[in-house]
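The values are calculated or read from the model by the stated rules, or taken from the named source; none is laboratory data. Because the structure is a prediction, the values reported are computed rather than measured. Positions of Cβ are generated from backbone atoms using ideal geometry, with glycine treated the same way; all protein chains shown enter the neighbour counts. Ligands, DNA and RNA are excluded from the accessible area calculation, which covers all protein heavy atoms including side chains. Shrake-Rupley method; radii C 1.70, N 1.55, O 1.52, S 1.80 Å.
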Amino acid sequence: MTTFERIKEISKQRGLNLKKTATEAGLSENAIYKWKTQTPQSNALQAVADVLGVSVDYLLGNTDEMHSNKKDAPYDLKEFIDSTPVLKYDGKDIPEAEMRIIRRILEDMDD
Amino acid sequence: MTDLINYLLFIAIRNDIKVVFSEDLDTYTPDLSVPSQRKVIINRNSNNNVSVAFRLAHELSHILFGSVEQNRVYAFSIGATKSSERIAHEQAMHMIAKYVFQDTPVEYRNYINFMESLGLPSYFEDMAREAVMQA
């Protein structure tokens with residue numbers, strides 16, 4: 001899917017048309033239509049991504065994850081939990097056995 | 001209470017958040033939320049006196065209103081002094097009060113009963129009054 005098609009699809013989901021999306025992002029009404037043929041400028045694309053609540057990467061088609069915060073997390077869940085600073089609860093460490101269960105639950109949630 | 005939980009789960013689904021009620025965890029393990037992956041785990045075996053509805057609303061608040069950079073994993077704690085936890089408590093109460101009192105005029109609202117049915121400790125009083133009266 002091209003950038004233009006992605007913007008069109010998400011705008012529709014958000015109940016906006018392309019003109020409205022463009023004006024809310026502070027661009028001229030037909031700015032997004034121009035992106036059918038031209039490559040958008042990065043700051044304009046960022047503004048559109050903010051209006052739609054998705055990441056620029058998603059609009060560019062580099063990722064299928066809509067939310068940018070996902071891309072900051074390590075891709076592998078195991079890596080993610082291992083890299084998370086020691087998890088404490090009321091000052092106490094969560095036992096390793098519990099962490100294993102938590103990790104399994106988190107992994108199962110992806111299915 | 002079931003209505004309230006269904007409403008909260010509806011909010012979760014609308015916001016692309018996955019929720020699991022787990023029975024595999026120890027009684028002392030807190031509920032967790034992982035904002036970067038938009039996931040919430042509620043520990044059904046928890047010995048916590050606070051109602052599941054409030055705990056769910058609290059964890060959802062971390063993901064809906066929290067800043068992702070601040071903490072990477074949130075663990076529920078009723079006595080926490082961390083600002084992120086306190087803010088989540090406030091947001092959770094606003095979320096629930098808005099739903100519960102939508103049809104109740106202000107003069108009929110009782111925040112003490114509200115706190116009791118959610119199992120909230122007394123130091124939530126100020127927060128609860130504000131949430132209930134503003135809902």
Could you run the Karplus curve 6.51 cos²θ - 1.76 cosθ + 1.60 with θ = phi - 60° over region B:123-128 and give me ³J(HN,Hα) per residue in whole Hz, x for Gly and Pro? 6, 7, 3, 4, 4, 5
At a 10 angstrom cut-off on C-beta neighbours, averaged per residue, how do the peptides A:7-13, B:10-16 rank from highest to lowest? A:7-13, B:10-16
Could you pull out the pairs from A:K12/A:K36; A:K12/B:K39; A:K19/B:K98 whose alpha carbons sit more than 22 Å apart here? A:K12/B:K39; A:K19/B:K98
So, counting K/R as plus one and D/E as minus one, what does the shell of residues with Cβ under 14 Å around B:I87 add up to? -2
How much of the DSSP bridge set in chain B is antiparallel, in percent, rounded to the nearest 5? 50
I'd like to know which of B:V20, B:N113, B:A128 lies farthest towards the positive end of the charge dipole of region B:2-134, counting +1 on Cβ of Lys and Arg and -1 on Cβ of Asp and Glu. B:V20
Determine ³J(HN,Hα), in whole Hz, for all residues of region B:50-55 in sequence, where each value follows from phi through the Karplus function 6.51 cos²θ - 1.76 cosθ + 1.60 and θ = phi - 60°; x replaces Gly and Pro. 6, 5, 4, 4, 5, 5
Counting only heavy atoms of protein chains, what accessible area per residue, in Å², does region B:15-135 have with a probe of 1.4 Å? 47
Ballpark to the nearest 100 Å², how much total accessible area do B and A bury together, probe 1.4 Å? 2200
Contact order relative to length of chain B, as percent, for alpha carbon pairs under 8 angstrom and 6 or more apart: 22
